[in-house]
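K.L.:
Could you have a look at this structure, given as structure tokens, before my questions?
The values are calculated or read from the model by the stated rules, or taken from the named source; none is laboratory data. In this text, all values refer to a predicted model and were calculated from it rather than measured experimentally. Note that we place each Cβ from the backbone using ideal geometry, even for glycine, and neighbour counts take in every protein chain shown.
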Amino acid sequence: MHPLIMKFGGASLSTAKKFLQVADIIIQRSKEYQNIVVIVSAMGTTTDKLLSLARSVHEDPPKRELDMLVTAGERISAALLAMALHKKLKDSISFTGSQSGIITSSDHSDAKIIDVRPDRILSALKEGKIVIVAGFQGVSSQKEITTLGRGGSDTSAVALAIALKAKKVEFYKDVEGIFDEDPKKNPKAKMFNRMSYPLALEVINKGAKVLHQRAITLAEKNNIILHVLSFKKFKNEHVNKMGTFIAESIKIPH
């Protein structure tokens, strides 16, 4: 059976209580999917705080050391979510980007994924574990820790979906889906239920920050369905009627 890839952003992981709520969502989805891989961002504003801390020490810190520092944020999220799942008696394991087999270029702070070798993920899934992956990061062929730039966790999720032969990535956000305008600024903004990849890119390019452009482009090349939905209003029985699907029209589930 194809695995399900789930991606949780910083807003959904901003407090200890939210890790337990996210664990509940994952457990609900595990009733439908035998194999689940979860990609996580850093908690809340952790990345910004780490960057600010770095610049209070050095106004222009070396990019290599910045990557070493900021990747800690996603590792914290991955470990805490694995703990939350264990508390709820679900066997899980957390991996860094490098442990997950995400191989990147050597461009610190803006690396590109060049290969994914998910051997440890596949082994853990065979053991019946839910796998939690620290997004936004990988390792270069020189064994250096790298980051993928802003929005990199979205790209991590799609790249892993391709490597693991998943058909879908679910992105859990603090909004209900993708809108034609910012719903926080315009309450009458219209939400898209279905979108093509080009339309999604058009909306993103106009300023919507729901998904990263690289993730959409990568998904289009590999026919990966993207599903944006709210972690706040999640109901497993209604999951295919929630949020926004991005896909070729013939592939969109009903």
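K.L.:
Looking at the range 64-112 only, could you name the residues that are outside any helix (DSSP H, G or I), more than 15 Å from S153 (Cβ to Cβ) and of a type in the set (K, R)?
P.N.:
Scanning the range 64-112 gives K88, K90.
K.L.:
Something else now. Out of all the residues in the range 189-226, which are within 16 Å of R150 (Cα to Cα) and either small (G, A, S) or touching a strand residue (DSSP E or B) at 6+ places or on another chain (Cβ under 6 Å) (or both)?
P.N.:
Answer for the range 189-226, where residues must be within 16 Å of R150 (Cα to Cα) and either small (G, A, S) or touching a strand residue (DSSP E or B) at 6+ places or on another chain (Cβ under 6 Å) (or both): G207, A208, V210, A215.
K.L.:
Which numbered condition in (1) without any contact (Cβ under 8 Å) to a residue 24 or more places away in the chain; (2) farther than 30 Å from I27 by Cα; (3) polar (S, T, N, Q) is the only one that S106 fails?
P.N.:
Looking at each condition in turn, S106 falls short on (1).
K.L.:
Regarding K88, is this residue touching a Ser or Thr at 6+ places or on another chain (Cβ under 6 Å), of a type in the set (K, R), touching a residue at least 24 places away in the same chain (Cβ under 8 Å) and closer than 26 Å to Q28 by Cα?
P.N.:
No: the conditions fail for K88.
K.L.:
Ok, one more. Can you confirm whether the range 101-118 contains a residue that is closer than 18 Å to L13 by Cβ and either aromatic (F, W, Y) or in contact with an Asp or Glu (Cβ under 7 Å, 6 or more places away or on another chain) (or both)?
P.N.:
Checked against the condition, which is being closer than 18 Å to L13 by Cβ and either aromatic (F, W, Y) or in contact with an Asp or Glu (Cβ under 7 Å, 6 or more places away or on another chain) (or both), the range 101-118 yields no hits at all.
K.L.:
Taking the range 183-201 as the region of interest, how many residues are at pLDDT 90 or above and either farther than 15 Å from L218 by Cα or in contact with a Phe, Trp or Tyr (Cβ under 9 Å, 6 or more places away or on another chain) (or both)?
P.N.:
Of the residues in that region, 8 qualify.
K.L.:
While we're on this one: Return yes when D60 is assigned to a loop (DSSP other than H, G, I, E, B), surrounded by fewer than 16 Cβ atoms within 10 Å (Cβ to Cβ), of a type outside the set (A, V, I, L, M, F, W, C) and out of contact with any strand residue (DSSP E or B) (no Cβ under 9 Å at 6 or more places or on another chain) and no when it is not.
P.N.:
Considered against the rule, which asks whether it is assigned to a loop (DSSP other than H, G, I, E, B), surrounded by fewer than 16 Cβ atoms within 10 Å (Cβ to Cβ), of a type outside the set (A, V, I, L, M, F, W, C) and out of contact with any strand residue (DSSP E or B) (no Cβ under 9 Å at 6 or more places or on another chain), D60 comes out as yes.
K.L.:
Filter the range 1-42 down to the residues that are without any contact (Cβ under 8 Å) to a residue 40 or more places away in the chain and not in a helix (DSSP H, G or I) and list them by number.
P.N.:
M1, S14, T15, Y33, Q34 - these are the residues of the range 1-42 that are without any contact (Cβ under 8 Å) to a residue 40 or more places away in the chain and not in a helix (DSSP H, G or I).
K.L.:
OK, next. If you take the residues in the range 43-57 that are small (G, A, S) and part of a helix (DSSP H, G or I), which one is surrounded by the fewest Cβ atoms within 10 Å (Cβ to Cβ)?
P.N.:
Filtering the range 43-57 for residues that are small (G, A, S) and part of a helix (DSSP H, G or I), the one surrounded by the fewest Cβ atoms within 10 Å (Cβ to Cβ) comes out as S56.
K.L.:
For the list (1) at pLDDT below 95; (2) touching a helix residue (DSSP H, G or I) at 6+ places or on another chain (Cβ under 8 Å); (3) closer than 24 Å to A79 by Cβ; (4) not hydroxyl-bearing (S, T, Y), I need the number of the one condition that G149 fails.
P.N.:
Status for G149: all satisfied but (2).
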